[in-house]
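Student: Let me begin by handing over the structure; questions about it come next.
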Amino acid sequence: MSEWSWESNDVEWSIDRYSTGIVISLLLLVLYLVIIIVTIITLLPNAEGNQLIALSIITSMVITALLTLIIYSYTRIKSIRKAITNLRKVEIKVDSIILDTINGTYAAKPNEITICYKAITGRDFRPYAYNVFINYQGTTYQIPDLKPEDYGALRQVLKGHGIDVNECQAQ
């Protein structure tokens, strides 16, 4: 039986991508706040004594803060879930399969996992990459964008270990 390994830094990339989304969202909310304040100040020249303006500014700040908190929480949770299920490294050895994630490293026996794939096709309907999904103890881990030659090597090694790789069912 042969061995196979794969390694990637896509986990860090996915976290960076979501962090960029958070920064852009926060900048848009700050811009919203500035526009609201400038609009209120320019519309009413007697802004010093007007309680309505003060209430509007405070309300706008509270709404902006709440929206910021909601967007930050949602994107952070989404990025963590994505990062946890993406694998950093996979090694297939003679008697075990090693899955390296940001949560830790897991060693599984070949009969403890199920594997399926989804082909990513181009215009000519030929696959240019494969997403491989490994289900281990109820969690589905992903090897994203595996090249066709790497996928072929993975499939051969798994076949040597008695593991069938089928196309994933539509979800």
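The values are calculated or read from the model by the stated rules, or taken from the named source; none is laboratory data. Keep in mind that what you see is a predicted model, and the values were worked out from it rather than measured. Positions of Cβ are backbone-derived with ideal geometry, glycine not excepted, and every protein chain shown enters the neighbour counts. Surface areas here come from the heavy atoms of the whole protein model, side chains and all, with no ligands, DNA or RNA. Shrake-Rupley method; radii C 1.70, N 1.55, O 1.52, S 1.80 Å.
Student: Given the structure, is Val94 closer than 30 Å to Thr42 by Cα, of a type in the set (A, V, I, L, M, F, W, C) and open to solvent by 40 Å² or more (accessible area, probe 1.4 Å)?
Tutor: Working: closer than 30 Å to Thr42 by Cα: no; of a type in the set (A, V, I, L, M, F, W, C): yes; open to solvent by 40 Å² or more (accessible area, probe 1.4 Å): yes.
The answer is no for Val94.
Student: Out of all the residues in the range 81-121, which are of a type in the set (Gly, Ala, Ser) and assigned to a loop (DSSP other than H, G, I, E, B)?
Tutor: Ser96, Gly104, listed by residue number.
Student: Restricting to the range 100-125, name every residue that is open to solvent by 90 Å² or more (accessible area, probe 1.4 Å) and not polar (S, T, N, Q).
Tutor: Lys109, Glu112, Arg123, Asp124, Phe125
Student: What is the one condition in (1) modelled with pLDDT of 85 or more; (2) open to solvent by 40 Å² or more (accessible area, probe 1.4 Å); (3) over 18 Å from Trp6 (Cα atoms); (4) not aliphatic (A, V, I, L, M) that Cys168 does not satisfy?
Tutor: The single condition Cys168 does not satisfy is (2).
Table: residues versus (1) more than 14 Å from Glu7 (Cα to Cα); (2) over 20 Å from the mean Cα position of the chain (by Cα).
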site: Lys82; (1), (2): yes, no
site: Ile92; (1), (2): no, yes
site: Asp95; (1), (2): yes, yes
site: Asp100; (1), (2): no, no
site: Thr105; (1), (2): no, no
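Student: For the range 154-163: of the residues being in a helix (DSSP H, G or I) and either under 26 Å from the mean Cα position of the chain (by Cα) or not aliphatic (A, V, I, L, M) (or both), which is farthest from Ile84 (Cα to Cα)? Don't jump to the end; show me each part of the working.
Tutor: Filtering the range 154-163 for residues in a helix (DSSP H, G or I) gives 154-160.
Within this subset, residues satisfying the condition of being either under 26 Å from the mean Cα position of the chain (by Cα) or not aliphatic (A, V, I, L, M) (or both) are 154-156, 159-160.
Numbers: Leu154: 22, Arg155: 24, Gln156: 27, Lys159: 27, Gly160: 29 Å.
The selected residue is Gly160.
Student: Would you please name the residue that is surrounded by the most Cβ atoms within 10 Å (Cβ to Cβ), looking only at residues in the range 131-144 that are touching an Asp or Glu at 6+ places or on another chain (Cβ under 8 Å) and part of a strand (DSSP E or B)?
Tutor: Initial filter on the range 131-144 (touching an Asp or Glu at 6+ places or on another chain (Cβ under 8 Å)): 131, 136-137, 144.
This time we only want the ones that are part of a strand (DSSP E or B), so: 131, 136, 144.
Values: Asn131: 16, Tyr136: 16, Pro144: 19.
Checking each candidate, the answer is Pro144.
Student: Related question: Considering (1) under 29 Å from Pro144 (Cα atoms); (2) within 22 Å of the chain's Cα centre (by Cα); (3) assigned to a helix (DSSP H, G or I); (4) at pLDDT 70 or above, say which one Leu69 fails and leave the rest.
Tutor: Here Leu69 clears every test but (1).
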